[in-house]
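Peer 1: Shown below is the structure under consideration.
The values are calculated or read from the model by the stated rules, or taken from the named source; none is laboratory data. Values in this document were obtained by computation on a predicted structure and should not be read as measured data. FYI the Cβ positions are ideal-geometry reconstructions off the backbone, even for glycines, and counts take in every protein chain you see. Areas reflect the complete protein model, heavy atoms only, side chains present, ligands, DNA and RNA absent. Shrake-Rupley method; radii C 1.70, N 1.55, O 1.52, S 1.80 Å.
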Amino acid sequence: MSPWLTITVGLFFFLLGLGYLYKPSVIERINAILRETLLNDAYIALERRKWGVFFLLLSLLFLYLGYASLYGPV
């Protein structure tokens, strides 16, 4: 994976994690669109904080990997 793609993926997961934590209404709107294929309303409502923290940690991992690929290990 290229460093810029890794950073982009990290930023995406960071924004998704913040969305789960601070703007659940936006996530619920996206959920309404994808409800039939991927997501379950009850699960999202019950596990909102866990998913938010998971995506924030995943974003930090991708951001670090992209930064390390560009500039070397910290």
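Peer 1: Based on this model, can you work out whether Lys23 counts as modelled with pLDDT of 85 or more, within 14 Å of the chain's Cα centre (by Cα) and loosely packed, with under 11 Cβ neighbours inside 10 Å?
Peer 2: On the way: modelled with pLDDT of 85 or more: yes; within 14 Å of the chain's Cα centre (by Cα): yes; loosely packed, with under 11 Cβ neighbours inside 10 Å: no.
Considered against the rule, which asks whether it is modelled with pLDDT of 85 or more, within 14 Å of the chain's Cα centre (by Cα) and loosely packed, with under 11 Cβ neighbours inside 10 Å, Lys23 comes out as no.
Peer 1: Quick one: which of Ala45, Ala32 is assigned to a helix (DSSP H, G or I), at pLDDT below 90, open to solvent by 60 Å² or more (accessible area, probe 1.4 Å) and farther than 21 Å from Leu63 by Cα?
Peer 2: Of Ala45, Ala32, the one residue that is assigned to a helix (DSSP H, G or I), at pLDDT below 90, open to solvent by 60 Å² or more (accessible area, probe 1.4 Å) and farther than 21 Å from Leu63 by Cα is Ala45.
Peer 1: Moving to a separate point now. Going through the range 55-74 one residue at a time, which ones are in contact with a Gly (Cβ under 7 Å, 6 or more places away or on another chain) and under 12 Å from Pro3 (Cα atoms)?
Peer 2: Phe62, Leu63, Gly66
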